[in-house]
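Every number here is computed from the coordinates shown, using simple stated rules; none is lab data. In this text the structure is predicted, and so the values were computed from the model without any measurement. FYI the Cβ positions are ideal-geometry reconstructions off the backbone, even for glycines, and counts take in every protein chain you see.
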Ligand code: PLP
């Protein structure tokens with residue numbers, strides 16, 4: 001099946017879809033993005049993703065290119081055309097095309113929009129969730145505004161590659177005080193022996209993950225408790241459970257940090273429970289096709 005992308009007003013075969021070489025997203029990473037989960041043909045937590053996109057664009061002083069509803073309609077159409085039942089939809093908004101100067105273009109330019117969608121390997125994802133994944137730790141060498149979801153992800157890319165080279169799934173980034181900030185593409189959590197969940201406050205040190213936000217509701221609904229505070233690598237290594245959250249993987253148990261086993265090197269019961277009920281609490285969008293049961 002030929003995959004389809006949406007680029008600046010047109011649906012095109014992915015293999016030939018392209019942006020202009022002076023798109024500022026390409027030359028300066030001057031763009032924000034969102035990735036939403038697709039489950040059973042429906043976009044998960046679209047409203048929250050759109051609100052965060054609005055905050056990212058505001059911070060970058062890029063105008064919202066169209067209404068949230070119109071962007072949502074394009075995302076659904078891309079999901080439909082790619083026949084994605086379970087996977088992700090990617091939405092990127094750049095400042096647009098202008099002669100290459102660092103400062104913003106003087107005359108207003110139209111923001112650039114790119115939307116793609118792809119299926120995920122749900123069997124592989126379930127296998128990983130059943131076994132748990134491993135993480136390594138690395139210094140967090142990113143800029144100070146990682147709360148803005150920009151496409152400037154090179155430090156994250158290099159960290160993730162170091163994890164892959166080390167045979168691990170994710171890299172947890174560590175601030176100068178020795179505290180875990182987040183993963184290269186996920187938020188980081190631990191579970192204390194008394195069952196309390198711990199995650200870093202969503203100040204400017206981390207991205208305010210949408211999965212993280214929804215998990216607060218899950219935790220309340222399941223009668224559990226969260227402490228929002230930084231935690232060290234040493235504390236994580238002695239936690240009874242640890243896990244990652246992100247839209248492309250929901251909740252993923254961590255069973256090893258820097259080669260050190262977490263609990264019994266198996267996904268813990270609280271993490272497994274949260275993963276099992278997560279979608280009962282998330283906002284589920286309309287289905288894209290009658291072909292999806
Ligand atoms: N932290 C970083 C650095 C990310 O890139 C992501 C997702 O891409 C997350 C956390 C998780 O955010 P969300 O749950 O919104 O996918």
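Observations on the structure shown:
- Cα long-axis angle, helix 269-281 against the chain (0 to 90 degrees, to the nearest 10): 30 degrees
- Cα-only Debye scattering, the range 171-293: base-10 log of I(q)/I(0) at q = 0.11 Å⁻¹: -0.37
- With the convex hull drawn around the C-alpha atoms of the range 4-120, the volume per residue stands at 94 Å³.
- All Cα pairs of the range 7-76, percent lying beyond 15 Å: 62 percent
- Sorted peptide list for 248-254, 176-182, criterion being average Cβ within 10 angstrom, highest first: 248-254, 176-182
- In terms of its Cα atoms, the range 192-248 spans 28, 27, 21 Å along the principal axes, sorted from long to short.
- Residue 277 versus residue 73: modelled label distance in nm, points set 7 Å from Cα along the beta carbon direction: 3.8 nm
- Principal-axis analysis of the Cα atoms of the chain puts helix 46-60 at an angle of about 70° to the longest axis.
- Working from the Cα coordinates of the chain, the gyration tensor eigenvalues give, after taking √(5λ), semi-axes of 32, 23, 17 Å in decreasing order.
- A protection proxy built from the mean count of other Cβ atoms within 10 Å ranks the segments 183-189, 106-112, 21-27, most packed first, as 183-189, 21-27, 106-112.
- Value of [θ]222 nm, deg cm²/dmol, for the chain, DSSP H segments ≥ 4, -39500 (n - 2.57) each, nearest 500: -9000 deg cm²/dmol
- The range 82-213 shape via C-alpha gyration tensor axes, a/c threshold 1.5: oblate
- Three principal axis extents of the range 162-204 based on alpha-carbon atoms, in descending order, are 34, 25, 18 Å.
- Virtual spin-label span in nm between residue 265 and residue 86, 7 Å along Cα→Cβ: 2.7 nm
- Average Cα contact separation per residue, the chain, under 8 Å, 6 or more apart, as relative contact order %: 20 percent
- Packing-based ranking, highest mean first, of 257-268, 162-173 given that Cβ atoms within 10 Å are counted: 162-173, 257-268
- Compared with the dominant principal axis of the Cα atoms in the chain, helix 122-131 is inclined by about 20°.
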